[in-house]
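The values are calculated or read from the model by the stated rules, or taken from the named source; none is laboratory data. The structure presented is a predicted model; accordingly, all values stated were derived computationally and were not measured. Every residue, glycine among them, receives a Cβ derived from its backbone with ideal geometry; neighbour counts consider all protein chains shown. We work out accessible area using only protein heavy atoms, side chains counted, and drop any ligands, DNA or RNA first. Shrake-Rupley method; radii C 1.70, N 1.55, O 1.52, S 1.80 Å.
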Amino acid sequence: MEVENQTQVTKFILVGFPGNLSMRAAVFLMFLVAYILTVAENAIIILSVQQNPPLHKPMYFFLANLSFLETWYISVTVPKLLFSFWSASNSISFTHCMIQLYFFIALMCTECVLLAAMAYDRYVAICRPLHYPTIMSHGLCFRLALGSWATGFGISLAKIYFISRLSFCGPNVINHFFCDISPVLNLSCTDMSIAEKVDFVLALVIFLFPLSITVLSYGCILATVLHMSTGKQKAFSTCASHLVVVTIFYSATIFMYARPRAIHAFNTNKIISIFYAIVTPALNPFIYCLRNREVKEALKKLAHCRAIGSD
């Protein structure tokens, strides 16, 4: 039968995490705690950076942007997931699926560029310390942050345009807990070669270009630190948190999105998705706070001020 004569899918069914009531309650509680913890952690970091003059530096400006981004990043998927545990029909309309997919991709792409901007900031701070205040001006930091958001949301718009033009004739069941690229592509009943090529090329651009900047920055940082007679440990400590976050982020995203068509909707991929969609945003604030002395001091000061205010 011709595709034109087939019934077009108007909504998808998200399988989510099926199981008995006790198992669903346990998983629901785990995701709820992770979501609340992530939002609270990132809100505290943003508030600390905003209210502490010692943190009014480029490094922490980008960190506040990253915290704001990850608050929305986890909010794109988890609230819908939490609602699905107690919903009789875990359905999502085609339009809402495309919107969810758009924002998820946009925030992921934005994080790629933002992490590269943070790597460049560390490069200037360690390799060109005397010129750091001049190079990393407020204007440049603002443009780098704005460029990160604009690039991420612009590239995502191009991806979604081609994906949304595909025809979906059924089945309409997505074995996932949100609308991700691979599960959605696998349900298309028409030729997806153009959408797949566009997605792959743009994924290479948004991953490899920022990753190249990050690798080059840390290559220069390593070369500079190795030639230092003193202060090596302090120089490395200023980069440790960011380097850990970059490693976790790129390891997960490249594994999942290097070839989206080749990744089928198996339960294994659904479990792996939990790591980069939920676990990683929850871990990143801990990584930055535990590895950064200035952030820890700012948090203590913020807690002390709140305690005095409540008294």
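Details
- Failed condition for Met228, given (1) free of Cβ contacts under 8 Å to residues at least 12 places away in the same chain; (2) part of a helix (DSSP H, G or I); (3) more than 26 Å from Phe255 (Cα to Cα): (2)
- Residue within segment 116-130 that is part of a loop (DSSP other than H, G, I, E, B) and of a type in the set (D, E, K, R) present: yes
For (1) of a type in the set (Val, Ile, Thr); (2) open to solvent by 30 Å² or more (accessible area, probe 1.4 Å); (3) within 18 Å of Ile254 (Cβ to Cβ), each residue gets a yes or a no:
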| position | (1), (2), (3) |
| --- | --- |
| Gly147 | no, no, no |
| Ile160 | yes, no, no |
| Val198 | yes, yes, no |
| Ile206 | yes, no, yes |
| Leu216 | no, yes, yes |
| Leu222 | no, yes, no |
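- Among (1) among the aliphatic types (A, V, I, L, M); (2) exposed (fewer than 13 other Cβ atoms within 10 Å of the Cβ); (3) farther than 30 Å from Thr10 by Cα; (4) within 25 Å of the chain's Cα centre (by Cα) - the single one Leu226 does not satisfy: (4)
- Close pairs (7 angstrom Cβ cut-off, 6 or more residues apart or separate chains): at negative phi and without any contact (Cβ under 8 Å) to a residue 24 or more places away in the chain in segment 268-289, open to solvent by less than 50 Å² (accessible area, probe 1.4 Å) and part of a helix (DSSP H, G or I) anywhere: Ile272/Met256; Phe275/Ala252
- Pairs where the first residue, in segment 81-93, is more than 16 Å from Ala277 (Cβ to Cβ) and at pLDDT 80 or above and the second is among the hydroxyl-bearing types (Ser, Thr, Tyr) and surrounded by 12 or more Cβ atoms within 10 Å (Cβ to Cβ), C-beta under 8 Å, 6+ apart: Asn90/Ser84
- Residue check, Ile74 within 17 Å of the chain's Cα centre (by Cα) and either open to solvent by less than 70 Å² (accessible area, probe 1.4 Å) or closer than 14 Å to Ala282 by Cβ (or both): yes
- Test: residue in segment 59-70 that is open to solvent by less than 10 Å² (accessible area, probe 1.4 Å) and either over 24 Å from Ser148 (Cβ atoms) or free of Cβ contacts under 8 Å to residues at least 12 places away in the same chain (or both): no
- Enumeration of residues in segment 213-235 that are within 18 Å of Ala145 (Cα to Cα) and of a type in the set (Gly, Ala, Ser): Ser217
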